[in-house]
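*Asks:* I am attaching a structure below and will ask some questions about it afterwards.
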Amino acid sequence: MTDIDIASLTKQTESVSSEFEKDFAATSNDLSHKAIEDVRIKYLGRKGLFTAISEQMRSVKKEDRPEAGKLLNSVKKNMESKLDQLRTLEKKAALTAQLDAKAYDVSLPVAQTAGSLHPVTLMRRTLLKEFRNLGFIVYDGPEMDLEDYNFSALNFKDDHPARDMQDTFFVKDLEKTVLRTHTSNIQIHAMRNERPPMRVVAPGRTYRCDSDLTHTPMFHQIEGFIIDQNISMADMKGVIDTFLKAVFGTDLETRLRPSYFPFVEPGGEVDLQCVACRGKGCRICSHTGWLEIGGLGMIHPNVFEAVDLDSERYTGFAFGFGIDRIAMLKYGLSDLRQLFEGDQAFLSQFPVN
């Protein structure tokens, strides 16, 4: 390969720099994003004119390379600086055009339209109304919380599957911090701040790595619990049965099934007679006649110990339901994702009374 001397490289660089200055001047009168990008690609792109000169550096005589490198760096910095000037001028021109544009008169009257509430908001209000009628107070808590509140204090062991990345969103750069996977974290906050007797309900957004017809990465849950002396499963059954019938109607039956949850013992799940077929069996209930509503159980003694409550003195029960799922059943929705798509035609079906 023939060596290139510094004089030849300088001559080529001066020629390209001269052409660049002409394009710079012309683009200063255009200032469109496309025009500026075209100049950048023409000279500094992968097949640009200056890029082609820079690639000749390997053929420059060894003794001329320091001077050649200094020359090329100087020319490149000049081009990049002037391209930045063009981008700044472009932003200023866009702002000036925006300020000079005809102003909108925001005081003009608009057509009268009926407002609407999101079905999840409607269901949340309905649920809280019924729980307030049962003597519950509403408690709130953080959506981003420490693992202690979301897992450890609720008797989740360190190797519990729910702690895996597949189920839980961990917060980057914040040690042992997660987006809560359930509103049960509020139970721990409430129990550490208050003393029994307690009757608490806690609605809110929760997050899990899940998405399909009946699951979304963000969903709404309502957690509740009662703690006092001599609280039994009979109390739990009575509260849940009363609340579900208040929402769905007194003609529907409920039932409890045994199930496992780390923070309750014994634990169970509550089913509601299918709202579509009234227990006869259909596609919605998988022909069982029943719909799963949520989990519940007697609060585990380990949870009481985590919040410094005497499990020999106090007992209690806790429950958790998906507000989105209850709304889906109540309003006859076929796909849970309808609640999160922002379709105005869909949402307008739920007007404000």
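*Asks:* Just a yes or no: is a residue in the stretch 324-338 in contact with a strand residue (DSSP E or B) (Cβ under 6 Å, 6 or more places away or on another chain), assigned by TED's automatic domain parsing to the domain that holds residue 129 and among the aliphatic types (A, V, I, L, M)? Reasoning before the result, please.
*Replies:* Initial filter on the stretch 324-338 (in contact with a strand residue (DSSP E or B) (Cβ under 6 Å, 6 or more places away or on another chain)): 324.
Adding the requirement that they be assigned by TED's automatic domain parsing to the domain that holds residue 129 leaves 324.
Next, from what is left, pick out any that are among the aliphatic types (A, V, I, L, M): none.
Within the stretch 324-338, not a single residue is in contact with a strand residue (DSSP E or B) (Cβ under 6 Å, 6 or more places away or on another chain), assigned by TED's automatic domain parsing to the domain that holds residue 129 and among the aliphatic types (A, V, I, L, M).
*Asks:* If you take the residues of the stretch 138-154 that are without any contact (Cβ under 8 Å) to a residue 60 or more places away in the chain and surrounded by fewer than 17 Cβ atoms within 10 Å (Cβ to Cβ), which of them is farthest from the chain's Cα centre (by Cα)? Walk me through how you get there before you give the answer.
*Replies:* Initial filter on the stretch 138-154 (without any contact (Cβ under 8 Å) to a residue 60 or more places away in the chain): 142, 144-151.
Then keep just the ones that are surrounded by fewer than 17 Cβ atoms within 10 Å (Cβ to Cβ); that gives 142, 144, 148.
Details: 142: 14, 144: 11, 148: 21 Å.
Ranking the qualifying residues of the stretch 138-154, first place goes to 148.
*Asks:* Got a number for residues in the stretch 288-303 being over 19 Å from residue 183 (Cβ atoms) and in contact (Cβ under 8 Å) with a residue 40 or more places away in the chain?
*Replies:* The qualifying residues number 1.
*Asks:* Given the conditions (1) within 28 Å of the chain's Cα centre (by Cα); (2) farther than 18 Å from residue 139 by Cα, and given that residue 238 satisfies all but one, which numbered condition is not satisfied?
*Replies:* Against the list (1) within 28 Å of the chain's Cα centre (by Cα); (2) farther than 18 Å from residue 139 by Cα, residue 238 comes up short only on (1).
*Asks:* Moving to a separate point now. Given the condition under 30 Å from residue 97 (Cβ atoms), crowded, with 16+ Cβ neighbours inside 10 Å, in contact with a helix residue (DSSP H, G or I) (Cβ under 8 Å, 6 or more places away or on another chain) and not basic (Lys, Arg), answer yes or no: does some residue in the stretch 58-80 qualify?
*Replies:* Taking the stretch 58-80 as the starting set, the residues that turn out to be under 30 Å from residue 97 (Cβ atoms) are 78-80.
From what is left, the residues that are crowded, with 16+ Cβ neighbours inside 10 Å are 79.
Still in the list and also in contact with a helix residue (DSSP H, G or I) (Cβ under 8 Å, 6 or more places away or on another chain): 79.
Next cut, not basic (Lys, Arg) only: 79.
Yes, there is a match, as at least one residue in the stretch 58-80 is under 30 Å from residue 97 (Cβ atoms), crowded, with 16+ Cβ neighbours inside 10 Å, in contact with a helix residue (DSSP H, G or I) (Cβ under 8 Å, 6 or more places away or on another chain) and not basic (Lys, Arg).
*Asks:* Out of 320, 267, 342, I need the residue that is surrounded by 14 or more Cβ atoms within 10 Å (Cβ to Cβ), under 25 Å from the mean Cα position of the chain (by Cα), of a type in the set (Gly, Ala, Ser) and assigned by TED's automatic domain parsing to the domain that holds residue 221. Which one? Show your work before the answer.
*Replies:* Values: 267 fails: under 25 Å from the mean Cα position of the chain (by Cα); 342 fails: surrounded by 14 or more Cβ atoms within 10 Å (Cβ to Cβ).
It is 320.
*Asks:* Okay, next question. Do you know which of the residues in the stretch 89-126 that are surrounded by 10 or more Cβ atoms within 10 Å (Cβ to Cβ) and among the polar types (S, T, N, Q) is modelled with the lowest pLDDT? Please lay out each step first, then the result.
*Replies:* So the first thing to find is which residues in the stretch 89-126 are surrounded by 10 or more Cβ atoms within 10 Å (Cβ to Cβ), and the list is 89-96, 116-126.
The next check asks that each one be among the polar types (S, T, N, Q); those that pass are 96, 116, 121, 126.
Details: 96: 87, 116: 76, 121: 89, 126: 89.
Among residues in the stretch 89-126 that are surrounded by 10 or more Cβ atoms within 10 Å (Cβ to Cβ) and among the polar types (S, T, N, Q), the one modelled with the lowest pLDDT is 116.
*Asks:* Related question: Taking the condition of being of a type in the set (A, V, I, L, M), in contact with an Asp or Glu (Cβ under 6 Å, 6 or more places away or on another chain) and under 16 Å from residue 300 (Cα atoms), how many residues in the stretch 237-270 meet it?
*Replies:* The number of residues fulfilling the criteria is 0.
*Asks:* Look through 21, 67 and report the one residue that is among the charged types (D, E, K, R) and without any contact (Cβ under 8 Å) to a residue 40 or more places away in the chain. Step through it out loud before you land on a result.
*Replies:* On the way: 67 fails: without any contact (Cβ under 8 Å) to a residue 40 or more places away in the chain.
It is 21.
*Asks:* While we're here: In the stretch 225-235, is there at least one residue being in contact with a Leu (Cβ under 9 Å, 6 or more places away or on another chain), assigned by TED's automatic domain parsing to the domain that holds residue 338 and over 26 Å from residue 170 (Cα atoms)?
*Replies:* Of all residues in the stretch 225-235, those in contact with a Leu (Cβ under 9 Å, 6 or more places away or on another chain) come to 227, 233.
Now drop any that are not assigned by TED's automatic domain parsing to the domain that holds residue 338, which leaves 227, 233.
Adding the requirement that they be over 26 Å from residue 170 (Cα atoms) leaves 227, 233.
The answer is yes; a qualifying residue exists.
*Asks:* Check 235, 251 and return the single one that is modelled with pLDDT of 90 or more, over 30 Å from residue 158 (Cα atoms) and not small (Gly, Ala, Ser).
*Replies:* On the way: 251 fails: modelled with pLDDT of 90 or more.
Result of the check over 235, 251: 235.
*Asks:* I would also like to ask the following. Suppose we filter the stretch 32-84 for residues that are touching an Asp or Glu at 6+ places or on another chain (Cβ under 7 Å) and of a type in the set (Gly, Ala, Ser); how many remain?
*Replies:* 1
Conditions (1) at pLDDT below 85; (2) among the hydroxyl-bearing types (Ser, Thr, Tyr); (3) over 18 Å from residue 184 (Cβ atoms), marked per residue:
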site	(1), (2), (3)
312	no, no, yes
318	no, no, no
324	no, no, no
338	yes, no, yes
353	yes, no, yes
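*Asks:* All but one of (1) at positive phi; (2) surrounded by 13 or more Cβ atoms within 10 Å (Cβ to Cβ) hold for residue 135; which doesn't?
*Replies:* Of the numbered conditions (1) at positive phi; (2) surrounded by 13 or more Cβ atoms within 10 Å (Cβ to Cβ), the odd one out for residue 135 is (2).
*Asks:* Out of the stretch 284-314, which residues are among the acidic types (Asp, Glu) and in a loop (DSSP other than H, G, I, E, B)? Walk me through it before giving the result.
*Replies:* Of the residues in the stretch 284-314, the ones among the acidic types (Asp, Glu) are 292, 305, 308, 310, 312.
Selection gives 308, 310, 312.
The values are calculated or read from the model by the stated rules, or taken from the named source; none is laboratory data. Computed from a prediction, not measured in an experiment: that's the story for all the values here. Ideal geometry is used to build each Cβ from the backbone, glycine not excepted, and the neighbour counts take in all protein chains shown.
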